[in-house]
Amino acid sequence: MSQENVEIVQAFFDAYNARDMDAVSALHDSKVIWAAFEGWPEADTLVGREACMRQYERNREPFDVITAEPVTDFIAAGDRVVVRIAWSATGQGPAMNMEFTFVYTVRKGKIFIIENFWDHADALKAVGLEE
């Protein structure tokens with residue numbers, strides 16, 4: 001199951017970077033939970049596919065080009081997948097470039113929980129792994 005979970009998360013990044021938001025939506029459970037991201041301007045926990053899709057769209061709105069490229073391998077940890085990404089965007093203001101780590105919990109072939117970490121070591125610790 002771990003490799004299948006990795007493939008689901010990889011498919012998410014492929015769809016996101018291709019701007020295929022229908023495919024992005026289809027990869028999320030209808031009751032997905034996107035945990036609040038400490039220090040992010042929108043620091044609310046999101047619940048449900050529609051809420052997550054609105055956030056993805058809000059993140060994209062001010063930019064002409066936006067990408068989320070993995071900078072580490074996808075790490076399977078039971079039903080969770082850890083990956084550090086470089087998020088970059090250019091558009092109607094200064095370019096944005098930042099790195100953070102996502103932890104995805106996959107259930108029944110869908111992304112069920114999304115957690116964000118500024119520090120990769122904290123993400124690894126959250127899934128029971130040490131760097």
For this session: Determine if segment 110-128 includes at least one residue that is over 27 Å from residue 2 (Cα atoms), over 12 Å from the mean Cα position of the chain (by Cα), loosely packed, with under 14 Cβ neighbours inside 10 Å and not polar (S, T, N, Q).
Result: no
Problem set entry | Leading residue by the ranking (surrounded by the fewest Cβ atoms within 10 Å (Cβ to Cβ)) among those in segment 9-20 that are touching a Phe, Trp or Tyr at 6+ places or on another chain (Cβ under 8 Å) and modelled with pLDDT of 95 or more | 10
Problem set entry | Which numbered condition residue 84 misses (of (1) over 21 Å from residue 53 (Cβ atoms); (2) more than 10 Å from the chain's Cα centre (by Cα); (3) in contact (Cβ under 8 Å) with a residue 24 or more places away in the chain) | (2)
Seminar exercise, completed: Only one of (1) touching a residue at least 40 places away in the same chain (Cβ under 8 Å); (2) within 21 Å of residue 86 (Cβ to Cβ); (3) not in a strand (DSSP E or B) does not apply to residue 3, and that is (2)
For this session: Kindly establish whether residue 25 is under 23 Å from residue 120 (Cα atoms), of a type outside the set (Asp, Glu) and surrounded by 13 or more Cβ atoms within 10 Å (Cβ to Cβ).
Result: no
Exercise. If we scan segment 92-106, do we find a residue that is more than 14 Å from the chain's Cα centre (by Cα) and either within 25 Å of residue 4 (Cβ to Cβ) or of a type in the set (Gly, Ala, Ser) (or both)?
Worked result: yes
Problem set entry | Entirely in segment 61-122, the strands (runs of 3 or more DSSP E) that have 2 or more residues that are at pLDDT below 95 | 63-70, 80-91, 96-107, 110-117
Problem set entry | Residue pairs meeting the criteria (Cβ under 6 Å; at least 6 apart or on separate chains; first under 19 Å from residue 9 (Cβ atoms) and outside any loop (DSSP other than H, G, I, E, B), in segment 32-51; second modelled with pLDDT of 75 or more and basic (Lys, Arg)) | 32/49
For this session: Tell me which residues, restricted to segment 56-113, are touching a helix residue (DSSP H, G or I) at 6+ places or on another chain (Cβ under 6 Å) and under 24 Å from residue 130 (Cβ atoms).
Result: 74, 76, 81, 82, 84, 101, 103, 104, 106
Exercise. Do the conditions hold for residue 35, that is, is it in contact with an Asp or Glu (Cβ under 8 Å, 6 or more places away or on another chain), under 17 Å from residue 120 (Cβ atoms) and aliphatic (A, V, I, L, M)?
Worked result: yes
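The values are calculated or read from the model by the stated rules, or taken from the named source; none is laboratory data. Everything numeric here is computed off the predicted structure, so don't read it as measured data. Glycine also receives a Cβ, built like all others from the backbone with ideal geometry; neighbour counts cover every protein chain displayed.
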